[in-house]
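Report on the structure given below.
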Amino acid sequence: MSSRLILGAEGAATLRPPGLEPPAAGVGERARRASRALLSDRRIAVPLGVLVALVLFAIFAPIFWKYGPNTQDLINSLKSPSTNHPMGTDQLGRDVFARFAQGARISLIVATLVTVAGAIVGGLIGLLAGTIGGFSDGVAMRAMDAILAFPPLILAMAVTVGLGIGLNTAAIGVALVSVPWYARLLRSEALRIRSLPFIEASYAIGMTRARVISRHVIPHMMPVLFIQMAAAFGYAVLGLASLSFVGLGAQVPTAEWGAMITEGLSYSLTGQWWISIFPGLGLLVTVTAASMLSDRLRDLLDPRGEYARL
Amino acid sequence: MGAVVAKRVLGSIGAIFGATVLAFIIMRALPGNPARLIVGPLATPHAVASVSHEIGLDKPVLTQYWLYISHFFQGDWGYSYADGKSVKALIGERLPATIELAIFSFALTMICAVVAALLVTYRQRPVADRILRGVAYVGFGTPPFFVALLLLIVFFRSFHVLPGPEGRLGLQAAPPPTVTHMYTLDALIAGQFSTFWSSFVHLLLPAIALGLSSFSFIVRLLRANLLEVSREPFLTVARGKGLRRWTAFRRHALPNAFLPTLTAGGLVLGEFLAGSVLIERVFNWPGIGSLVFDAIVKQDYAIVQTFILLSAVIFVLVNLVVDLLYAVIDPRVRIPSVATA
């Protein structure tokens, strides 16, 4: 007797080999499946856990830590790490741990804003270019090519110099550099989705273009958008720190990781390594976690990838 | 072939045009007085007015754009506010140091990437593979200036095996007689082996710091391509007709896997241009990067502006050369019908 008869209809569904689930019914069901795939994945837990820990650290550490990021204590300057100052003190006697925590806050907040701004602007350009097409598509994509003609960090420098030095203009520069990547990616996604049979079917049952876009095209773009945002977040952290390092981003005395490394540079070679090393490690951990997250998301969610489980 | 080349050249001209327009908009059309940017914050209103006139801020926008790009392409890049020298002379002075570092770093990056990728794919070392993937992840996510600092702390400060941030040569050494402006080559030509050795060890740490993120990128690409190509049926055929494993690998797998890496050349150059600004200062390397870094600190923007536009033009041109090279090597690009057949 076949197992199908014993188990009944419900059991038969569980006998399907993994990865061959029936097609998802709607957007809600697809989103539920995506989140289930993500939450049950062990390899995504590491980068996700690191990033969540960093966010919690950035929120709570500056509140509860006994020193402020800019409180000077010249008598206790350049002290090596101890129980009182776990990351030591810098040349002005400021507590490096307090500055590190403040730097985490600044990096995470500004990089998040940069990522969201880039995703909205670039995403809209890509969506419009991919769905409207024609002349506006050509103009938009040539504009994106102009941005891509610059090495990324150098265009961000140009924007910062042109608009005036500071963390805000550095953020605008880094966001601008990320726009064409979103625009190109989402344009090609829009073109891919537009050619799928169910879009034709939607038009056939009388849906308007605006409704097809909002109901079908945009939701189907989301996985690719999230993958790109995770990668862009890492680049944003790195780009902001680099601009601050050369003096175009956060200004003295702001406790920003890149700026802290510049400040500690000359002390690193005379033995006071802790001023620059801790912010550098902060950058390394944040950016590596973001790129691991992006890679794993791509494995799990990318509709064009071989591992796609949706 | 001709059509492919023409299309790419036209595309590159378009990209350079777009880049100049974008740079012009950022530097001129946005709020903030560009003349003030050029002469610096301490200059008198008179100096601001005279520079405004000189760069044509009182003329219509299109004329301004024309002046902007014609000055740029004629090599008329203005004067440094900080020391009065022409920007062209300053950049010319600093160029050889940056080029020597870039070439050395590029060679080091490529050799290490190919060797590492071969080790984990051809020799199939799973432990090395895991380590390499870890290094590639961390290397890609680490800012180059932090890598530079770590290298200095480890190799100079702790173990005293490599020289510290003292530029291209030791303090006592005199530069070799100038032939190519590359200290390593010049020293070899003059037969000064101690100078050669000194300039070589001075190059090592900056080259690693500059190349690490490109290495991470290329090694991942190469590893993935090698694994993909080694599953292709044509490799089974090559082995089946009696080629030895290494011969089949070298003749058939490597060239095919290497092609996509070529395209990464453009990306590497972008990394190097920005990277020079980020790491040369750390090593006191007397190249363009530290010139630009100092110019930013002194708000000496004539230098920064020139560097930015120059980077874009070089970036586009190198990408063009890479694409054309690709077309020469890869028959699928050279002869469109092959790809579809």
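The number of Lys pairs in the protein assembly as shown with C-alpha atoms less than 26 Å apart, excluding pairs fewer than 8 positions apart on the same chain, is 4. Its residue count N fixes a reference of 2.2 N^0.38 Å for region B:218-341, and the Cα radius of gyration divided by that reference is 1.51. With R₀ set to 45 Å, the beta-carbon distance separating A:Tyr267 from B:Ala174 gives a calculated FRET efficiency near 0.90. Reported to the nearest whole Å, the Cα centre-to-centre distance from region B:185-241 to region A:43-95 is 39.
About its Cα centre, chain B has a charge dipole of approximately 1600 debye under the convention of +1 per Lys or Arg Cβ and -1 per Asp or Glu Cβ, with nothing else charged. Among B:Met27, B:Met182, B:Met110, the largest mean-square fluctuation in a Gaussian network model of chain B, built with springs joining Cα atoms closer than 10 Å, belongs to B:Met27. About the centre of its Cα atoms, region A:88-180 shows a dipole size close to 160 debye [charges on the beta carbon of Lys, Arg (+1) and Asp, Glu (-1) only; nearest 20 debye]. Around the amide H of B:Tyr79, modelled in the peptide plane, lie the amide H atoms of B:Val87, all under 5 Å away and 5 or more residues distant in sequence or on another chain. In this view, the solvent-accessible surface of B:Tyr137, computed with a 1.4 Å probe and all protein chains in place, comes to about 50 Å². Evaluated over the Cα positions of region A:129-222, the convex hull gives a direction-averaged projected area, one quarter of its surface, of 7.2 nm². Comparing each chain alone with all protein chains together (probe 1.4 Å, DNA, RNA and ligands left out), the residues of region A:137-175 losing at least 20 Å² of accessible area are A:Ala146, A:Ala149, A:Phe150, A:Pro151, A:Leu153, A:Ile154, A:Met157, A:Ala158, A:Val161, A:Gly162, A:Leu163, A:Ile165. In chain B, the longest principal axis of the Cα atoms and the axis of helix B:301-329 are about 30 degrees apart.
Our estimate of slack between B:Arg332 and B:Val21, defined as 0.36 nm per intervening residue step minus the Cα-Cα distance, is 108.5 nm. Taking all protein chains together and a 1.4 Å probe, the residues A:Tyr267, B:Tyr301, A:Tyr203 rank A:Tyr203, A:Tyr267, B:Tyr301 from largest to smallest accessible area.
The P(r) of region A:38-124 has a tail past 22 Å containing 46 percent of all C-alpha pairs. When you restrict to C-alpha pairs under 8 Å that are six or more residues apart and normalise by the size of region A:50-176, the relative contact order lands at 18 percent.
Maximal additional length on extending the B:Ser194-B:Phe73 stretch stands at 39.5 nm, based on 0.36 nm per residue less the C-alpha distance. Helix A:152-163 against the longest principal axis of chain A: what's the angle in degrees, Cα atoms only, rounded to the nearest 10? On a 0 to 90 degree scale, this one is about 60.
What percentage of the solvent-accessible surface of region B:93-299, computed with a 1.4 Å probe over protein heavy atoms, is contributed by carbon and sulfur atoms? Result for region B:93-299: 65 percent of the exposed heavy-atom area is carbon or sulfur.
Please give the per residue volume of the convex hull enclosing the alpha carbon atoms of region B:155-217, rounded to a whole number of Å³.
Working: hull volume 6.2 nm³, N = 63.
Once divided by residue count, the hull of region B:155-217 is 98 Å³.
Only protein heavy atoms count here, probed at 1.4 Å, and on that basis chains B and A bury about 3700 Å² of accessible area in total. For region A:37-105, trypsin sites (Lys or Arg not before Pro) meeting the loop criterion (DSSP other than H, G, I, E, B) and having at most 13 other Cβ atoms within 10 Å: A:Arg42, A:Arg43, A:Lys66.
Could you report the protein assembly as shown's accessible area per residue, 1.4 Å probe, as an integer in Å²?
For the protein assembly as shown, the solvent-accessible area averages 48 Å² per residue.
Applying 1/(1 + (r/R0)^6) with r as the Cβ-Cβ distance of B:Trp246 and B:Ala224 and R0 = 25 angstrom yields a FRET efficiency of 0.75. Once divided by 2.2 N^0.38 Å, the Cα radius of gyration of the protein assembly as shown becomes 1.05.
Of the solvent-accessible surface of chain A, computed with a 1.4 Å probe and all protein chains present, 66% belongs to carbon and sulfur.
Taken about its Cα centre, the protein assembly as shown carries a charge dipole of roughly 2240 debye when the Cβ of each Lys and Arg holds +1 and the Cβ of each Asp and Glu holds -1.
In chain A, the longest principal axis of the Cα atoms and the axis of helix A:45-64 are about 40 degrees apart. Computed on chain A, with alpha-carbon pairs under 8 angstrom and 6+ residues apart, the relative contact order is 22 percent. Would you work out the Kirkwood radius for region B:93-299? I mean one over the mean of 1/r across all pairs of different Cα atoms, in Å. Every distinct Cα pair counted, the radius reaches 18.7 Å.
Provide the FRET efficiency to the nearest 0.05 for the B:Ile314-B:Leu259 pair, computing r from the beta carbons and using R0 = 30 Å. Don't skip to the end; give the middle numbers.
Values: r = 23 Å, r/R0 = 0.77.
So the FRET efficiency works out to roughly 0.80.
Comparing the full protein assembly with the isolated chain, the residues of region B:259-288 losing at least 40 square angstrom of accessible surface (1.4 Å probe) are B:Ala274, B:Leu278. For region B:133-156, a drop of 30 Å² or more in accessible area on going from the chain alone to the assembled protein chains (1.4 Å probe) is found at B:Tyr137, B:Val138, B:Phe140, B:Gly141, B:Pro143, B:Phe145, B:Phe146, B:Leu149, B:Ile153. Start at zero, step by 20 Å, and the Cα-Cα distances of chain A spread as 28, 47, 22, 4, 0 percent across the bins.
Compute the relative contact order of region B:93-299 as a whole-number percentage, counting only Cα pairs closer than 8 Å that sit 6 or more residues apart in sequence.
Details: 247 pairs, mean separation 66.0, N = 207.
Reported relative contact order: 32 percent.
The values are calculated or read from the model by the stated rules, or taken from the named source; none is laboratory data. Since this is a predicted model, take the numbers as computed values, not measurements. Glycine also receives a Cβ, built like all others from the backbone with ideal geometry; neighbour counts cover every protein chain displayed. Remember, those area values only see protein heavy atoms, side chains included, never the ligands or the DNA or RNA. Shrake-Rupley method; radii C 1.70, N 1.55, O 1.52, S 1.80 Å.
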